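The values are calculated or read from the model by the stated rules, or taken from the named source; none is laboratory data. Remember, it's a predicted structure, so these values are computed and weren't measured experimentally. Don't worry about glycine lacking a Cβ; one is built from the backbone with ideal geometry, like all the others, and counts go over all protein chains shown.
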Amino acid sequence: MDFENIYIEEENNLATITINRPKKLNALNKRTIDELHVAFKELDEDNETKVIIITGSGEKAFVAGADISEFSDYSVKEGRQLAAAGQRKLFDFVENLSTPVIAAINGFALGGGLELAMACHFRVASSNARMGLPEVSLGVIPGYGGTQRLPQLVGKGRAMEMIMTAGMVDSDKAFGYGLVNHVVSSEELLPFCKKIAGRISNNSTVAIKHAIKAINAGFKYDADGYSVEIDAFGTCFGTDDFKEGTSAFLEKRKADFPGS
Ligand code: COA
């Protein structure tokens, strides 16, 4: 697939996906969602890629939401399909990806933009970032998982207030809420995320994959996170990464994980 609305840069086992529609504040139209699905799938299947960072182009926005111009005349059925397809192709897909995904929030992260950042495994914001779910100001609700993931991250009361007021929080407030893990300057945002990515990529990709699965299971109504953890823990014992990790520790050397 030729990408029109995103581009990917790869260096040292790290891939950075940039959403590139700056004139529309990187709003997520259907094509962009399709391109992101393909990009995440291909990078996840590529053994060289150990961490993915996602950010927005320009200084103003990470993503200012779903593209309002695309759905303003949708019917009830089309509205349902829009949410279902988006959740399947992008938001749930990213959350359940085996490769760690960091959101580098470089400006406005609104509506579908904040929902995308929340589907990532964790978030870092620049000090000028502003985040919110303004959908009720448009007569609709968050449809890409926002009503579920925001309360998971910030608590029910804060999520209720943010969604009902359609208001924005700045990065310091988002940090206080636990919505973002770190706040850094705009210049530092990508270098800082790359530094964390470097630390992640020293570890076993197989073990990380199982950790993501077990953590996510705890947030699913139809899964028992503790059982998933027990199963994943046991599975790790059969991997080459486990043999290498434990041998390296006992031999007092740095592990060189084969990734299997
Ligand atoms: N969908 C479609 N287009 C969008 C968009 C969105 N979610 N967000 C911004 N844009 C477009 C604007 O229409 C404008 O396009 P134009 O130049 O062709 O008119 C361009 O991006 C720049 O946005 P603009 O509103 O002029 O910038 P601003 O600095 O005045 O305001 C925001 C920035 C983020 C406050 C404002 O763009 C906004 O409220 N966007 C919508 C946020 C939203 O409700 N998202 C949830 C969608 S469900």
Could you check region 49-63 and list, in sequence order, the residues that are out of contact with any helix residue (DSSP H, G or I) (no Cβ under 6 Å at 6 or more places or on another chain) and modelled with pLDDT of 95 or more? I54, T55, G56, K60, A61
Answer with yes or no whether G58 is within 16 Å of the ligand (Cβ to nearest atom) and assigned to a loop (DSSP other than H, G, I, E, B). yes
Please specify each residue of region 24-52 satisfying the condition of being away from the ligand (no atom under 16 Å from the Cβ), buried (at least 22 other Cβ atoms within 10 Å of the Cβ), assigned to a loop (DSSP other than H, G, I, E, B) and not charged (D, E, K, R). none
Selection status of N96, more than 16 Å from the ligand (Cβ to nearest atom), surrounded by fewer than 23 Cβ atoms within 10 Å (Cβ to Cβ) and at pLDDT 95 or above: yes
Please go through region 91-141 and pick out each residue that is within 13 Å of the chain's Cα centre (by Cα) and among the small types (G, A, S). S98, A103, A104, A109, G112, G113, A117, A119, A125
In the set S186, S227, S171, S204, which member is more than 22 Å from the chain's Cα centre (by Cα) and hydroxyl-bearing (S, T, Y)? S227
Here the qualifying pairs (Cβ atoms under 7 Å; residues six or more apart or on different chains; first in region 70-87 and part of a helix (DSSP H, G or I); second modelled with pLDDT of 95 or more and among the aliphatic types (A, V, I, L, M)) come out as F71/L82; G86/I33
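Determine which member of the set V101, V63 is touching a residue at least 24 places away in the same chain (Cβ under 8 Å), within 15 Å of the ligand (Cβ to nearest atom) and under 24 Å from H182 (Cβ atoms).
Values: V101 fails: within 15 Å of the ligand (Cβ to nearest atom).
Exactly one of V101, V63 is touching a residue at least 24 places away in the same chain (Cβ under 8 Å), within 15 Å of the ligand (Cβ to nearest atom) and under 24 Å from H182 (Cβ atoms), namely V63.
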Residue, surrounded by the most Cβ atoms within 10 Å (Cβ to Cβ), within region 136-152, restricted to residues that are farther than 19 Å from L90 by Cα and more than 8 Å from the ligand (Cβ to nearest atom): P151
Considering region 27-52 alone, what residues qualify as being farther than 21 Å from P191 by Cα, among the polar types (S, T, N, Q) and either in contact with a strand residue (DSSP E or B) (Cβ under 9 Å, 6 or more places away or on another chain) or without any contact (Cβ under 8 Å) to a residue 12 or more places away in the chain (or both)? N29, T32
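Going through region 108-135 one residue at a time, which ones are assigned to a strand (DSSP E or B), within 18 Å of Q148 (Cβ to Cβ) and within 12 Å of the ligand (Cβ to nearest atom)?
A109, L110, M131, G132
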Somewhere in region 74-92, is a residue under 19 Å from G113 (Cα atoms), basic (K, R) and within 14 Å of the ligand (Cβ to nearest atom)? no
Determine, yes or no, whether V154 is under 20 Å from A104 (Cβ atoms), among the aliphatic types (A, V, I, L, M), touching a helix residue (DSSP H, G or I) at 6+ places or on another chain (Cβ under 9 Å) and free of Cβ contacts under 8 Å to residues at least 40 places away in the same chain. yes
Output the residues belonging to region 11-23 that are surrounded by fewer than 14 Cβ atoms within 10 Å (Cβ to Cβ) and away from the ligand (no atom under 16 Å from the Cβ). E11, N12
